[in-house]
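Step one of this worksheet: look at the structure below.
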């Protein structure tokens, strides 16, 4: 139980703070630290814990209460990053529509991962990325999407799934590098990525 003293009076009134409230507050602080770590490390993988604490608007002592070591924070960042990547993949609805339209949606959802995308590129082992146990090391869901595009005539059948997967990731990387170097708007960079990918995978006239 905590005691709250009301300004202008000498009275103290007990105010119960439940375990759920304490737990919720701790969870929010922990999440704020992890979110800040993704943003800061996405810009600078060598950033210090002090930089992350400042971005999370907490003291370094508070950060260490939640994550005693840098490795513990990185593990939490990896888990959060993997969860966000999985949600983005699900939101892209890879099994719906034409193959090309699904690739288009996937690029949009992954681009919206923001700083996490930069972190995936600079620290590829940190998050659990798409599965690679399909043919030629390609994510099975991605491979099925591309093969559907081959059948429905929206993806060039000369392009194997693993090539298209590499193309998508390389263009996302190029887009974020371009964004950092030029200061172009995110809307414009996404437009360029989609135009490049859509054009690259389209069936070429014979």
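Summary table below
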read-out: Qualifying position, being over 30 Å from residue 146 (Cβ atoms) and either touching a helix residue (DSSP H, G or I) at 6+ places or on another chain (Cβ under 7 Å) or touching a residue at least 60 places away in the same chain (Cβ under 8 Å) (or both), among 88, 55; value: 55
read-out: Near pairs, Cβ below 7 angstrom, 6+ apart or cross-chain, from segment 125-145 (assigned by TED's automatic domain parsing to the domain that holds residue 155 and farther than 16 Å from residue 94 by Cα) to any residue that is surrounded by fewer than 13 Cβ atoms within 10 Å (Cβ to Cβ) and modelled with pLDDT of 55 or more; value: none
read-out: Conditions (1) in the same structural domain as residue 28 (by TED's automatic domain parsing); (2) touching a residue at least 60 places away in the same chain (Cβ under 8 Å); (3) assigned to a helix (DSSP H, G or I); (4) surrounded by fewer than 16 Cβ atoms within 10 Å (Cβ to Cβ): number failed by residue 45; value: (3)
read-out: Residue check, residue 114 surrounded by fewer than 18 Cβ atoms within 10 Å (Cβ to Cβ), assigned by TED's automatic domain parsing to the domain that holds residue 164 and within 30 Å of residue 181 (Cβ to Cβ); value: yes
read-out: Residue ID - nearest to residue 98 (Cα to Cα), chosen from residues in segment 152-166 that are touching a helix residue (DSSP H, G or I) at 6+ places or on another chain (Cβ under 8 Å) and in a helix (DSSP H, G or I); value: 152
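The values are calculated or read from the model by the stated rules, or taken from the named source; none is laboratory data. The model shown is predicted, which means the values in this text are computed figures rather than measured ones. Note that we place each Cβ from the backbone using ideal geometry, even for glycine, and neighbour counts take in every protein chain shown.
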